Structure formats: C-alpha cells, structure tokens
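The values are calculated or read from the model by the stated rules, or taken from the named source; none is laboratory data. In this text the structure is predicted, and so the values were computed from the model without any measurement. Cβ coordinates were reconstructed from backbone atoms using ideal geometry, including for glycine residues, and neighbour counts include every protein chain displayed. What goes into the accessible areas is simple: the full protein's heavy atoms, side chains included, and nothing from ligands, DNA or RNA. Shrake-Rupley method; radii C 1.70, N 1.55, O 1.52, S 1.80 Å.
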Amino acid sequence: MNLPNKLTIIRILLIPVFMLVLLLPLNWGDVIIAGTTIPVTSLWGAIIFAVASITDFADGQIARRRHLVSNFGKFADPLADKMLVMTAFIILVQMGKVQAWIAAIIVCRELAVTGLRLIVVENDGEVIAAAMPGKIKTFTQMFSILFLFLNDVFFAAVGIPIGEILLYICLFFTVYSGIDYFYHSKDIFSDSFGK
C-alpha cells in the first residue's frame with residue numbers, strides 16, 4: 001500500500017465523517033469570520049472537505065512523480081473524488097443552498113464520464129486525460145462547494161454571492177467538458193451506430 005493509495009483511503013474515510021458532521025442534528029452554535037456568520041458544523045464540514053480535496057491533489061502528484069501508479073489507484077482515486085463531490089452537492093441540496101436540478105446535472109455528468117472512461121480503458125487501455133475545461137470544472141466545483149458551506153465568507157460583506165457564481169461557472173464547464181469528452185471519444189461507439 002503506497003502513499004498515494006493511503007491518501008485515497010483517507011479521503012474515502014473522510015466522507016462519512018463529513019456526512020455525520022453536517023447531517024447529525026448537532027448544535028455547536030455559530031462563528032463569525034470576516035463579518036460572516038457561519039454555523040460551526042458548516043465550518044467543520046468545509047474544513048473536512050478542504051482536507052479531502054487536498055489529499056486528492058496530493059495523491060495524484062505523488063503517484064506521478066514517484067511512478068507509483070497502481071490499478072487500485074486508477075480505480076479508487078477517481079471514485080473517491082466523485083463520491084466526495086456528489087456527497088457535498090447532495091448535502092447542499094438538503095441545506096437549500098443548491099437547486100436539485102443543478103446537482104442532478106453535475107451528478108449525471110460525473111457518472112457518464114466515469115462510465116465513458118471505463119469503456120475507453122477496456123477498449124484500448126488509454127485513460128482519457130483531463131482537458132482544460134475539465135480542470136476548470138474541478139477547480140470551480142471545489143471552491144463553489146467551500147464558499148457555499150462557508151456562506152460566501154470574505155465576499156458576503158460586499159454582497160458578492162461567490163459560491164453561487166462559481167457554481168454556475170462550474171455548471172457550464174460541467175456540461176461543456178462532458179460534451180467534449182464524449183465528442184473526442186465518439187469512435188468508441190462507432191460499432192453501435194455505424195461508421
């Protein structure tokens with residue numbers, strides 16, 4: 001069990017902790033940061049999400065630099081990432097901070113692209129690399145989740161709904177990058193629709 005895989009397992013184990021902190025009826029009060037009132041449970045949820053997101057970045061960097069790519073890592077790393085993001089969006093829907101249709105589009109795209117990557121690997125063994133639209137999607141997704149949990153801290157005082165702005169940018173790049181993945185992998189389905 002190498003270090004990147006250990007980080008992936010830590011990320012997976014943080015998901016139920018993240019859920020429990022945010023979903024159990026705990027009343028730890030509020031905290032004020034930069035003039036913004038944030039429930040302590042939301043603050044802890046954001047911290048756990050941030051730590052888990054950092055492990056996602058770190059395990060990939062370490063695996064590539066040390067040539068520690070493994071089948072477990074190829075399977076578990078993207079799965080842990082999707083599980084974390086989907087859990088966060090579902091909780092945000094329950095909290096009334098994200099509309100259900102937005103979360104549904106994001107979840108459907110993640111499932112569709114994950115399925116597509118599996119088919120591509122099965123057919124020719126090449127993993128689809130993340131293109132720039134996918135990287136923008138991931139960046140805006142992570143920060144929109146953080147700012148939504150933190151009630152737009154640092155931006156609320158000036159009336160900028162940064163979490164919502166990032167969410168809609170994320171939504172755009174979610175759809176765009178999903179279409180882009182399928183467009184560049186269209187040959188995979190040529191046997192189903194004819195050439």
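Before moving on, here are some points about what is shown:
- Residues of the stretch 131-168 that are over 17 Å from Ser42 (Cα atoms) and touching a Ser or Thr at 6+ places or on another chain (Cβ under 6 Å): Pro133, Gly134, Lys137, Leu166, Leu167.
- Any hit, the stretch 59-70, residues being of a type in the set (Asp, Glu) and within 13 Å of Ile12 (Cα to Cα): yes
- Matching residues, the stretch 73-109, being over 20 Å from Pro39 (Cα atoms), open to solvent by 60 Å² or more (accessible area, probe 1.4 Å) and part of a helix (DSSP H, G or I): Lys74, Phe75, Leu79, Met83, Ala100, Trp101, Ile105, Cys108
- Cβ-Cβ distances below 8 Å connect no pair with a first residue in the stretch 102-122 that is within 16 Å of Tyr168 (Cβ to Cβ), a second residue that is at pLDDT below 85 and not in a helix (DSSP H, G or I), and a separation of six or more residues or different chains.
- Of all residues in the stretch 1-46 being touching a helix residue (DSSP H, G or I) at 6+ places or on another chain (Cβ under 6 Å) and surrounded by fewer than 12 Cβ atoms within 10 Å (Cβ to Cβ), the one that is farthest from Phe147 (Cα to Cα): Gly29
- The combined condition, being closer than 28 Å to Ser177 by Cβ and touching a helix residue (DSSP H, G or I) at 6+ places or on another chain (Cβ under 8 Å), is fulfilled by Ala100.
Rundown of residues vs (1) open to solvent by 60 Å² or more (accessible area, probe 1.4 Å); (2) farther than 18 Å from Ala88 by Cβ; (3) at pLDDT 90 or above; (4) in a helix (DSSP H, G or I), yes/no style:
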residue: Val113; (1), (2), (3), (4): no, no, no, yes
residue: Ala129; (1), (2), (3), (4): yes, yes, no, no
residue: Ile165; (1), (2), (3), (4): yes, no, yes, yes
residue: Tyr168; (1), (2), (3), (4): yes, no, yes, yes
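- In the stretch 74-86, the residues that are under 14 Å from Phe57 (Cβ atoms) form Cβ pairs under 7 Å with partners that are buried (at least 19 other Cβ atoms within 10 Å of the Cβ) and of a type in the set (Val, Ile, Thr), at six or more places apart or across chains, as follows: Asp77/Thr8; Ala80/Thr8.
- Count of residues meeting criterion [over 28 Å from Asp152 (Cα atoms) and in contact with a helix residue (DSSP H, G or I) (Cβ under 6 Å, 6 or more places away or on another chain)] in the stretch 47-75: 7
- Of the residues making up the stretch 87-101, those that are touching a residue at least 24 places away in the same chain (Cβ under 8 Å) and polar (S, T, N, Q) number 2.
- Checked against (1) of a type in the set (A, V, I, L, M, F, W, C); (2) open to solvent by less than 50 Å² (accessible area, probe 1.4 Å); (3) assigned to a helix (DSSP H, G or I); (4) modelled with pLDDT of 90 or more, Ala58 meets all criteria but (4).
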